[in-house]
Structures are given as structure tokens and as C-alpha cells.
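Below is one structure; the comments refer to it alone.
The values are calculated or read from the model by the stated rules, or taken from the named source; none is laboratory data. No experiment lies behind these values; they were computed from the predicted model shown. Positions of Cβ are backbone-derived with ideal geometry, glycine not excepted, and every protein chain shown enters the neighbour counts. What goes into the accessible areas is simple: the full protein's heavy atoms, side chains included, and nothing from ligands, DNA or RNA. Shrake-Rupley method; radii C 1.70, N 1.55, O 1.52, S 1.80 Å.
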Amino acid sequence: MDEHLTTTVDAGYYRRVLVRGLRVVLVCVALGVALGLVVFTVLPRTYTSTASLLVTSTGVSGTSSVGEWTVDDEVNLDTEAQLVTSAEVVDRALTSLGDQADASTVADQVSVQVPSNTTVLSITYSAETPELAQAGAEAFAQAYLDSRRSVAQEDVDQRISTLQDQLESARTEQATLQRQADRAGGAEAASLQAEVQAAAAAASDLAQSVSSLRSILITPGRVINQAEVPDGPTSPQALLVLGSTTALGLLVGLLLAAWREKARPRLVEGQDVERETGLSVVLDLPTHPATPSEALGHTDEVVTAREWRRFLSGLDTDRVLLVPGDDRADALACGTALAWQAARRGRPVRLVLEQLPEDGGLPVPAGATGSSLVWDMVDGAPVGVWSGTSGGGTVTVVGHDGDPATLLGTTDGDADSDTDSSTAADDTLVVLVAGAEGELTEAVGVADGAAALLVIAGGASAASVQTHLPTHLVADGRLRGALLHRLPARRVVPVVVGALAPDDAEDAPVPAGDAVTVLPIAALHGAGPDEAADDSRGADDLPMAEDVDADQDDEAPIDADEDTEDTEGADEQPEPAGRA
């Protein structure tokens, strides 16, 4: 059996067309209404006026208006309706209208209707102005009556002429017979006299017939409703034009929405991701991960917390790789939120970024109020310590430097730490956030047991996600599924905290926000000893690492002397990747 015949019909397709294509449909309907208004404005106005005629018998027995014999003297209104646009009637109407009408189109401007079960003709004339419409209807009505009277009169005159000829012949014959009778005698005279009397009777009958025809009153009909000046145009009709163009816009909008949903499907819901990519959605966030708490609705907040709890409770690996699945996917925000949620549950987290943000800022998820992010230089590389969670966990933020130990989390960036590296690696959740370059995605092979998730922004096109799909992770089974998040709502700016203070302006404000404490370190920008000293003096009013509370110092110890030594030797340290 043909496989196309056994394919299950996607019942949700029509719902998606109506719901997701609503904006397209509304735009097309609006364009249809606009087009209707333009068409209604541009089309010429047409005015019509109607004159009603009562058609009666002309009074001439046995003839119609064209002199042809009819049955029982009844008026055939279908024939009369056709005569309204005959050449004779049109010529008479043109004579009456003069220069107001065009001889080539005037016949097309006239229409005739015959109401059922009546002997009435309704003559309608269309013109560009109301006055001309009235004049045209009156002209054609009068022209029709005049033509009908003229034809009937011609018929009567023809009959009278014929009878006159017959009367003259009868009188001539009577005179001849009378002369013959006067000369004859006896029986012959009596016979001729009888013929004379017969001829006289015939002549008398003919004379009477002529007299009767001359006394006939011809009645072609009469106007029962005069044509009036119309109050407004009869065409174009606003309702008809707007209704037609609106229906056309609706049809075009539905077709476009159906085509877009079929040819260019978008991944809005988890079902879309599973249907178009074959990946299961392991985490479906109803909002953007960095949406501020005050911008979250109660339902979204509850659903978000439930999704994170479900995901972390079912996580069977200590290494998670987040790969952006489209151009708008915010893998950094998702990785930051994942690290923070794990730290809230008391678990140490190592957040490895393919490329550190140039300003050192991280998008912070809702609920991170009261935390602090402190940057320092460790072994020539910037390391951020993010602490202050309710569960006591700490997030160490590092950049990917190509070292497998960075991916595996076997170094914690603290040279004085007495913690066994293998134990730290077992306890620490390593969250790897790939960037657009894909270097971290290619290097994830060394992170044994890492589970990859494809980060997809709600509304992304399926074609774009297929383009960003890491085929090597799919081939070796490391791609566990997809993480779906929504784009930030309009007028809602995701919170970005932990940005470094600029080293070129002492009085420049530090974009610290309300949820983070920032420690600006000039060495992170590659400044020399003198410049570092200047920056330190310009940031006297900012909290230093030793000002952070004791709990944070225990989780991420920073020694002031080491900080000074790092600052003095900043000119000998290479600049971090991705920083100017």
C-alpha cells in the first residue's frame, strides 16, 4: 500500500494555522479592507433613474406596435421590452437628449424590467450624473410611447388609404351601372338597377369603415411613475466592494498562513520540536531564563520552578553541554539559570563558557537577588565566583581555554585549595555553554559522559534549527534532547549583572544592578601596574573582595595580597580571549 495513504493526518495543523497565522490573516484582512476603500474611491459613480409605463392596446384592432398581427389583440410585453432599445426608439431618445448622450453607448445605458403579472414596463437609465439619469429615463419612456403611437397611426393611415381606393372603385362601378341601366329597358334595366343598388351599398359600407378608422383614438400607453433625480449613486456599492475585498484578504491570509505552517514551520511548543526535529523536549521554560522576578506572572513562576525541579531531579550526569539551536537561542542565559538552580540545591557548579562576555556580565535568572559575582585573575585567566544562594552552593565561572581539565572540572581555580581534584570532579556539576563558533561543541568529546541539549528559542524556524543541529553529537548519542525557552517579552529587559567596571573612565557607573556585587579588576583588561593603580583609586567606593560576607569568602577565598600581586604583574599576563 502507498505510504502516503497510511500517513496519519496531523489534526493540530489546522489549529496552528488559525492560531499562529492569526497575525498574517489579520494583516491580509486589513489590506483587503484598505484595497476595498481604494477601489470604492477610484471607481466612477453611476446614477440610475427609472420611469414606469402602463402599456395598453393602441386601439387599433388586430395590430401590434410594429403593425404585425397578434393573437386576440393582447399586448406581448416581452416584445415591447425589446422594442425599447430598437433603433427607432434610440434615435428618438438621442434627438431628445442632444449632446448629453453618446450614440455608441446610449443603448447599453438602458435596461427594461417587466414586473410579474403586470402590463408595466420599468425603463431604467444609467448615467454619470443624477440629472442626466433622470433625463435619459424620461427621454426613452417618451420615445417608446411616441414610436408606438407612430406605428399605430401608420397602420390606421394605411388601412384608410386602402379603403379609400376601394370606395372610389365602388363609386365608379356604381356610376357606370347607373348609366347602363338608364339606357336599357325592360328586364335588362331591372337587372342593372339591382346591380346599381348593390354597388351603392358596398360604397356606403366602405365609406362607413373609413369614417370609423378616422375616428379611432390611438392609446400607446402612459407614464404612471415619472423618473426622479436619484439621491445617491447606485454603484459602486460600498458593502459589496468592501465585502469582496475583505473576503479576498481573508482567503489570501488563510492560504499564506497554511503555506507558512507547511513550508516554514516554527517551533513554538514542545510538540513542534518533537514533530519537526525528532528531539524530545527535556526542559520547556514558559519565559526567558533571565526574565526579572517582577515581570513573571504567578503561573509562569510556578511552571518555571517545576520544570527546573523536574529536570535536575532526573539529571543522570554531572556534565551538561548546552548548544544554541538557532540564532536567537540564548544558551548563555539557559546555562546561567541551570547553574544557579543547581547551586541553590547546594551543589557546586562549574560554568564553562566558550567565550566570556566582554564586559564580564551574566544574565541572571529570577530569584538571584542578594547574590554576588566576584571576578579575579587566576593563573592568567579570569575566574568568576558567584555565591549567595539559599542552598549554599557556589558557581565558578570560567572560559574555555582548550584544556580538557576545564571541561572535566578537575581544577577549581584555587591553587591553595586542599580539596582532592577527583572528588571535586565527582561532586561538581559542569555546565558547558557553547557559542556561535562551535569550538566547545567540537571539544566536548573529551568530556566523558557529557549530555548535550539543543537550546531552542520559541518561534524559531525548523529549517534554522536543522542547520544548527550538531550532527556528530546526534551520531554518537550525546544529544539527549532540546531545551525550549521563550524570547523576552516586549518592554522586559533581561537582567545582566556582574559587568566589569570600564578601565578608561574612573567615574563611569558600574552596571551592577540590584542582585550582584562587582569587583572591578583592571588586570582583566590588560592594564599595566600604573593604570591598575589608577583604576584601584577610582574604585575606592566599590566593595572589594574582602568586603564580601564570610560565607562567600569560605566558598571562593580571595587573598588581598594575591590580588595585589596579580595586579602588579598584569603587564606580564596575556590578555584573556574575547577581551579588548
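So the values come out like this:
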read-out: Subset of segment 464-486 that is hydrophobic (A, V, I, L, M, F, W, C) and in contact (Cβ under 8 Å) with a residue 60 or more places away in the chain - its residue that is most open to solvent (accessible area, probe 1.4 Å); value: 469
read-out: Hits in segment 130-157 - residues which are open to solvent by 60 Å² or more (accessible area, probe 1.4 Å), more than 23 Å from residue 78 (Cβ to Cβ) and at pLDDT 90 or above; value: 131, 138
read-out: Sole residue being hydroxyl-bearing (Ser, Thr, Tyr), open to solvent by 50 Å² or more (accessible area, probe 1.4 Å) and at pLDDT 85 or above, chosen from 235, 211; value: 211
read-out: Inter-residue pairs, beta-carbon under 8 Å, first polar (S, T, N, Q) and in segment 251-275, second open to solvent by 10 Å² or more (accessible area, probe 1.4 Å), 6+ apart; value: 271/12
read-out: Of residues in segment 425-463 being open to solvent by 20 Å² or more (accessible area, probe 1.4 Å) and closer than 16 Å to residue 480 by Cα, the one modelled with the lowest pLDDT; value: 445
read-out: Residue in segment 313-323 that is assigned to a helix (DSSP H, G or I), surrounded by fewer than 16 Cβ atoms within 10 Å (Cβ to Cβ) and not acidic (Asp, Glu) present; value: yes
read-out: Evaluation of residue 217 against (1) free of Cβ contacts under 8 Å to residues at least 60 places away in the same chain; (2) open to solvent by 70 Å² or more (accessible area, probe 1.4 Å) (one fails), failing number; value: (1)
read-out: Hits in segment 275-302 - residues which are within 32 Å of the chain's Cα centre (by Cα) and among the β-branched types (Val, Ile, Thr); value: 277, 281, 287, 291, 299
read-out: Matching residues in segment 86-107 - criterion: being open to solvent by 50 Å² or more (accessible area, probe 1.4 Å) and either closer than 19 Å to residue 149 by Cα or in contact (Cβ under 8 Å) with a residue 60 or more places away in the chain (or both); value: 87, 88, 91, 92, 95, 96
read-out: Meets criteria (at pLDDT below 90 and either closer than 30 Å to residue 128 by Cα or among the acidic types (Asp, Glu) (or both)) for residue 221; value: yes
read-out: Which numbered condition residue 103 misses (of (1) of a type outside the set (Asp, Glu); (2) under 30 Å from residue 143 (Cα atoms); (3) modelled with pLDDT of 90 or more); value: (3)
read-out: Options 120, 156, 110: the member that is among the aliphatic types (A, V, I, L, M) and without any contact (Cβ under 8 Å) to a residue 60 or more places away in the chain; value: 110
read-out: Counted residues, segment 328-368 - those being at pLDDT below 80 and open to solvent by 40 Å² or more (accessible area, probe 1.4 Å); value: 3
read-out: Any hit, segment 282-302, residues being assigned to a strand (DSSP E or B), of a type in the set (A, V, I, L, M, F, W, C) and over 15 Å from residue 487 (Cβ atoms); value: yes
read-out: Only listed residue being outside any helix (DSSP H, G or I) and at pLDDT 90 or above, chosen from 64, 126, 57; value: 126
read-out: Test: residue in segment 207-223 that is under 22 Å from the mean Cα position of the chain (by Cα) and farther than 30 Å from residue 139 by Cα; value: no
read-out: Any hit, segment 265-273, residues being among the acidic types (Asp, Glu), touching a strand residue (DSSP E or B) at 6+ places or on another chain (Cβ under 9 Å), modelled with pLDDT of 85 or more and open to solvent by 50 Å² or more (accessible area, probe 1.4 Å); value: yes
read-out: Failed item, numbered, when residue 390 is tested on (1) at pLDDT below 70; (2) farther than 20 Å from residue 344 by Cα; value: (2)
